[in-house]
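Novice: Structure in structure tokens, see below.
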Amino acid sequence: MSLQALSKFERKIGRQLRLFELRKSSIERNIARQIRILERKRDGIGKKIEEQVRQFEKKRSIRLDDEVRFIRSWIERPLSIGAVTPSGKLLARTMASYVDPASDGPVVELGPGTGPVTGALVEAGIAPSRLVLVETNPAFCRILRTRYPEATLVQGDAYSLRRLLETLLIQPAAAVVSGLPLVTKPIKMRLRLIRDAVDLMLPGAPFVQFTYSVAAPLPRRLGGFSVEASERIWMNLPPARVWVYRKPEAR
Ligand SMILES: C[S@@+](CC[C@H](N)C(=O)[O-])C[C@H]1O[C@@H](n2cnc3c(N)ncnc32)[C@H](O)[C@@H]1O
């Protein structure tokens, strides 16, 4: 190829390259514009969904955030969570109704989750500073810490109750309220838990436990304990019953 032909070829290539560069930056600008439009649309859709969720929550007096967190935790550890959704208001209020707000001493809650029963206890007149919350799930602990900053939060295994609370409680507890999925545990563990709970409480103080199960979570005849149960709460999903165990003072 002659020198003249070569420089003509170079000029042609240079022109093609410039044209390509021009097209490339126009294509890039176009793509960036499409991405911005998509992001705006996505934000709009997200806001719309959020708004619909809020409306739904308002209508049904529930907090879907909690439901979603609960379902996520349940998917990760179904046996430990023991329920797909947090307790409904009626069940939470029934649990709280067994605790005397005029009583003295801390109120221990085992497995508070996202705090529906905790809320009902506070609503019933228990000062948040009296609450000792024992929860194992770190995500739920974070929620509880922000919702009930005055309560004492113990992140740990409620089945080691004695070790966890022996030195923490400076006076006997007025009640132990449990949302633990007790029936997923062997009977020996359940019995040890209630005996440890009773040792931390005033005589006659209630150990309050709900269950979805038809059977009682602990034997109905439990040496020296008085046992009572609520009506089945059909409004809860799933329907549940509250059981209360008290160890009266020895005469
Ligand atoms: C059925 S949910 C009840 C939650 C809440 N009380 C309610 O009524 O919605 C059981 C709760 O117990 C907690 N839990 C399960 N095993 C536990 C353990 N060994 N120690 C402490 N908390 C536990 C779970 O993380 C969950 O928050």
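Every read-out reported here was derived from the displayed coordinates using simple, explicitly stated rules and does not represent laboratory data. Here the structure is a predicted model, which is why all the values come from computation and not from measurement. Every residue, glycine as well, gets a Cβ built from its backbone with ideal geometry; the counts of neighbours run over all protein chains shown.
Novice: For the peptides 120-128, 92-100, 161-169, what is the packing order when you average, over each peptide's residues, the other Cβ atoms within 10 Å and list the highest mean first?
Specialist: By packing density, highest mean first, the sequence is 92-100, 120-128, 161-169.
Novice: I need the phi-derived Karplus couplings for the stretch 207-222: 6.51 cos²θ - 1.76 cosθ + 1.60, θ = phi - 60°, integer Hz, Gly and Pro marked x.
Specialist: Here the 3J(HN,Hα) series is 9, 9, 9, 9, 8, 8, 6, 6, 7, 5, x, 9, x, 5, 9, 10 Hz.
Novice: Please list the non-local residues whose amide H lies under 5 Å from the amide H of E109, H modeled 1.01 Å from N, same-chain partners needing a gap of 5 or more.
Specialist: The answer is V132, L133, V134, V177.
Novice: Give me the percent of Cα-Cα pairs in the stretch 124-225 that sit more than 16 Å apart, rounded to a whole number. Show your work: numbers first, answer last.
Specialist: Values: 3123 of 5151 pairs.
That fraction is 61 percent.
Novice: Additional query: Using a ≥ b ≥ c from the Cα gyration tensor of the chain (square roots of the eigenvalues), is it rounded, prolate or oblate, where a/c under 1.5 gives rounded and otherwise the larger of a/b and b/c decides, a/b for prolate?
Specialist: Here the chain falls in the prolate category.
Novice: Rounded to whole Hz and in sequence order, give me ³J(HN,Hα) for the stretch 85-92 from the Karplus expression 6.51 cos²θ - 1.76 cosθ + 1.60, θ = phi - 60°, writing x for Gly and Pro.
Specialist: Residue by residue, the stretch 85-92 yields 10, x, 4, x, 4, 5, 5, 4 Hz.
Novice: Can you give the Rg and Dmax of the stretch 182-251 based on its C-alpha atoms, in angstrom?
Specialist: Answer for the stretch 182-251, Rg first and Dmax second: 12.5, 41 Å.
Novice: Among S87, S25, S160, whose mean-square fluctuation peaks in a Gaussian network model of the chain (Cα, cutoff 10 Å)?
Specialist: S25
Novice: Extension gain S103-E39, at 0.36 nm per residue separation less the Cα-Cα distance, in nm?
Specialist: Extra length from S103 to E39 when fully extended: 17.5 nm.
Novice: Moving to a separate point now. Can you list residues from other chains, or at least 5 along the same chain, whose modelled amide H is less than 5 Å from the amide H of A173?
Specialist: M201, L202
Novice: Show the residues, 5+ positions off or on another chain, whose built amide H is closer than 5 Å to the amide H of F210.
Specialist: Answer set, sorted by chain and number: S178, W243.
Novice: Follow-up question, since we're still on this one. In the stretch 111-251, what % of DSSP beta bridges are antiparallel (nearest 5)?
Specialist: 60 percent
Novice: Starting from the Cα of V183, step 7 Å along the direction of its Cβ; do the same at R15; then give the gap between the two resulting points in nm.
Specialist: 8.5 nm
Novice: Let me ask something else. If you count, for each residue, the other Cβ atoms within 10 Å and average over each peptide, how do 137-149, 223-235, 173-185, 193-205 line up from highest to lowest?
Specialist: Highest to lowest by the protection proxy: 173-185, 193-205, 137-149, 223-235.
Novice: Using 0.36 nm per residue of separation minus the Cα-Cα distance, give me the extension gain between R232 and Q4 in nm, one decimal.
Specialist: 72.2 nm
Novice: Nearest-5 percent of antiparallel DSSP beta bridges in the chain?
Specialist: Of all bridge pairs located within the chain, approximately 40 percent are antiparallel.
Novice: Give the angle, between 0 and 90 degrees and rounded to the nearest 10, that separates the Cα long axis of helix 187-200 from the longest principal axis of the Cα atoms of the chain.
Specialist: Long axis of 187-200 versus the principal axis of the chain: about 70 degrees.
Novice: Calculate the dipole size of the chain relative to its Cα centre from +1 charges on Lys and Arg beta carbons and -1 charges on Asp and Glu beta carbons; express the result in debye to the nearest 20.
Specialist: Working: 43 positive and 25 negative charges, 359 e Å.
About 1720 debye.
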